[in-house]
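Heads up, the thing below is written out as structure tokens.
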Amino acid sequence: MTAAGQHGSFKGRHFTSEVILWAPRWYLAFPISYRDLASMLSDRGIAVDHTPLFRWVRAYAAKLEQRVRRHLRLCTGSWRVDETYIKVKGVWTYLYRAVDSLGQTIDFVLSARRNAAAAKRFFRQALAQPHTVNPRTIRVDKNPAYPRAAADMKRAGELWRFSRLRQCKYLNNIVEQDHRRIKRLVRPGLGFGSLRTARRTLAGYEVMAMISKGQVHNIGGRDMPAQAAFIAELLMSQLKIAARPRIMRRAPGFATEPCGQRSHERRLQLDFRQLAAQAPVHRT
């Protein structure tokens, strides 16, 4: 299939807009590998290798996540925060995730380390999202990094001083059950080859989870045709929506610091190199 029916938003691609819109959406929504998706397209008369599918997901998953954020419903003030493990280049990294009391996804951050600095970075990014509010209650597990991060942010005026941090493992069942969705989607790919690929692919997984949960205004969680039309409208829009730098919310009198995607990726790569250098080498 050639690019005869290609839309301007997919300029330079060798397939039609319908194929480019369909393939990444199914890959990010269901637990399949790139080769499985290529076989599904071949069964429909579209000869495409798994490599272009990988490039499409890497190119459009992060863009879709940025554009969907403005259409999400407002989350509640009761947060459930936890981290799960994601393997990148054979090294285990930490995916910080948060959901509210209704199970709606708040935000996520991929980090090479599990410490107070990573927890603060996650809280700052979550507070900067347009669909979040300053939490009334934050439920976490027994990780000692969370109390230190919350105390530092309250002193700096970044977190509401009346926010209550509760450390009780069984109260985090909602977010721990929600980890299953991400684990189920990551498993067919057998991990990620780079941090950038992991960050962008996980962004696509999370945004498709938000859509399927019904977090988008006027889009039902089980209305597949409406979801497909909504995603097509976002990705085929000719409006150049720049990646808005995420700004940490501080009280008046405090300076702000940009917390954008590129700076986060550079910091993540540096932490990952240090972690990989410390990892033991297994010889066979």
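Odds and ends about this structure:
- Residue 121 assigned to a helix (DSSP H, G or I) and in contact (Cβ under 8 Å) with a residue 24 or more places away in the chain: yes
- Test: residue 48 is outside any helix (DSSP H, G or I) and either of a type in the set (A, V, I, L, M) or at pLDDT below 90 (or both): yes
- When 102, 110, 95 are checked against the criterion of being crowded, with 18+ Cβ neighbours inside 10 Å, aliphatic (A, V, I, L, M) and within 15 Å of residue 177 (Cα to Cα), 95 stands alone in meeting it.
- Any pair with Cβ under 9 angstrom, 6 or more apart, that starts in the stretch 174-201 at a residue that is acidic (Asp, Glu) and ends at one that is part of a helix (DSSP H, G or I): 176/169; 178/209
- When residues in the stretch 27-39 are screened for being farther than 20 Å from residue 198 by Cβ and surrounded by fewer than 16 Cβ atoms within 10 Å (Cβ to Cβ), 1 of them pass.
- Residues being of a type in the set (Lys, Arg), more than 29 Å from residue 27 (Cα to Cα) and touching a residue at least 12 places away in the same chain (Cβ under 8 Å) are entirely absent from the stretch 84-94.
- The set of residues in the stretch 27-44 that are small (Gly, Ala, Ser) and touching a residue at least 40 places away in the same chain (Cβ under 8 Å) comprises 29, 33.
- Filter pass, residue 83 being part of a helix (DSSP H, G or I) and acidic (Asp, Glu): no
- Within the stretch 55-65, restricting attention to residues that are of a type in the set (A, V, I, L, M, F, W, C) and surrounded by 19 or more Cβ atoms within 10 Å (Cβ to Cβ), the residue that is farthest from residue 130 (Cα to Cα) is 56.
- From 98, 38, residue being in contact with an Asp or Glu (Cβ under 7 Å, 6 or more places away or on another chain), more than 27 Å from residue 145 (Cβ to Cβ) and of a type outside the set (S, T, N, Q): 38
- Count of the stretch 66-75 residues which are under 12 Å from residue 105 (Cβ atoms) and either of a type in the set (S, T, N, Q) or surrounded by 18 or more Cβ atoms within 10 Å (Cβ to Cβ) (or both): 3
- Condition check for residue 74 on (1) in contact (Cβ under 8 Å) with a residue 24 or more places away in the chain; (2) aliphatic (A, V, I, L, M); (3) within 18 Å of residue 228 (Cα to Cα): one failure, at (3).
- Looking only at residues of the stretch 51-80 that are more than 15 Å from the chain's Cα centre (by Cα), not in a helix (DSSP H, G or I) and not polar (S, T, N, Q), we find that the one that is nearest to residue 192 (Cα to Cα) is 80.
- Taken over the stretch 90-113, the criterion of being part of a loop (DSSP other than H, G, I, E, B) and touching a helix residue (DSSP H, G or I) at 6+ places or on another chain (Cβ under 7 Å) is satisfied by 103, 112, 113.
- Filter pass, residue 120 being in contact with a Gly (Cβ under 7 Å, 6 or more places away or on another chain), surrounded by fewer than 22 Cβ atoms within 10 Å (Cβ to Cβ) and not β-branched (Val, Ile, Thr): no
- Scoring residue 100 on the criteria (1) under 21 Å from residue 213 (Cα atoms); (2) free of Cβ contacts under 8 Å to residues at least 24 places away in the same chain leaves a single failure, condition (2).
- Residues of the stretch 139-188 that are acidic (Asp, Glu), assigned to a helix (DSSP H, G or I) and over 28 Å from residue 90 (Cα atoms): 152 alone.
The values are calculated or read from the model by the stated rules, or taken from the named source; none is laboratory data. All of these numbers come straight from a predicted model, not from anything done at the bench. Ideal geometry is used to build each Cβ from the backbone, glycine not excepted, and the neighbour counts take in all protein chains shown.
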